[in-house]
1. Go from 0 up to the bin containing the longest alpha carbon distance in the stretch 115-202, width 5 Å each, and give me the % of pairs per bin.
2. Contact order normalised by length for the chain, with contacts defined as Cα pairs under 8 Å and 6 or more residues apart; what percent is it?
3. Rg and Dmax of the chain, using alpha carbons, in Å: what are they?
4. Let me know the whole percent of all Cα-Cα pairs from the stretch 1-109 that are separated by more than 24 Å.
5. Assigning unit charges at the beta carbon (Lys, Arg +1; Asp, Glu -1) and nothing else, what dipole magnitude in debye, to the nearest 20, does the chain show about its Cα centre?
6. Antiparallel as a % of all DSSP beta bridges within the stretch 1-133, to the nearest 5?
7. In whole angstrom, how far apart do the alpha carbon centroids of the stretch 70-94 and the stretch 165-198 sit?
8. Using amide H atoms built 1.01 Å from N in the peptide plane, name the residues 5+ places from Q79, or on other chains, whose amide H lies under 5 Å from its own.
Amino acid sequence: MKIICIGQNYTDHIKELDSKQQEDPVIFLKPDTSILLKNQPFFIPDFSDEIHHEIELIVKINKVGKYIEEKFAHKYFDQISVGIDFTARDIQKKLKENGMPWEVSKAFDGSAVVGKWISKSDFDLNKIDFSLTVNDQIKQVGNSCNMIHSIEKIISYVSQFFTLKIGDIIFTGTPAGVAKVCENDKLKGFIQKQQLLDIKIK
Ligand code: MG
């Protein structure tokens, strides 16, 4: 399986990072080795002094697809959750300055946290509230209505380049509020009031 991530999908986050909005979705990949194993803590890696949390709505692909039309994209997933796209911001900054690919800062082991999957059927996909707390304080709040590119658009766009396969996961981008994590922090991720993710930083 592969993890496809969308960058710069919320205006408020683009502003906080001083990035420039692109016309097309910004895409990068994480390998399957980036998934943080269930019930494991996240260990801050030695190579970074600035690991940021990015809470994101995620969807799991349930059908093989290529060149998926936007109007049919909803047929390609039935489960959603929240995930964390951990980012070595210090490294990413250097890579960006040099016009280099981001992978080292984004796709390292443990950088993809995947929450408990729930059925999308209980939600209006264009109006899903999600949030992240750090030590029980709210740090990031998002709503899918503020996405620049909708989930359907993302699936359609991405499938022009990559065949989507069963079990692939799409991270749909983070809202504002990204910040550094510290040892002993406890992070919890929610869709509306439902807690779907709970990890400790070590
Ligand atoms: Mg992200």
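Readers should treat all values here as calculations from the given coordinates under stated rules, not as data from a laboratory. Computed from a prediction, not measured in an experiment: that's the story for all the values here. No Cβ is skipped: glycine too gets one built from the backbone with ideal geometry, and neighbour counts run over all protein chains shown.
1. Going from the shortest bin to the longest, the percentages are 3, 12, 20, 22, 19, 13, 9, 3, 0.
2. 34 percent
3. Here Rg and the maximum Cα pair distance are 15.6, 44 Å.
4. On the way: 1819 of 5886 pairs.
Counting every Cα pair in the stretch 1-109, those more than 24 Å apart make up 31 percent.
5. Details: 27 positive and 28 negative charges, 92 e Å.
That gives the chain a dipole magnitude of about 440 debye.
6. Working: 19 of 20 bridges.
Looking only at bridges with both residues in the stretch 1-133, the antiparallel portion is about 95 percent.
7. Going from one Cα centre to the other spans 10 Å.
8. The list, which skips near neighbours in sequence, is K60, K120.
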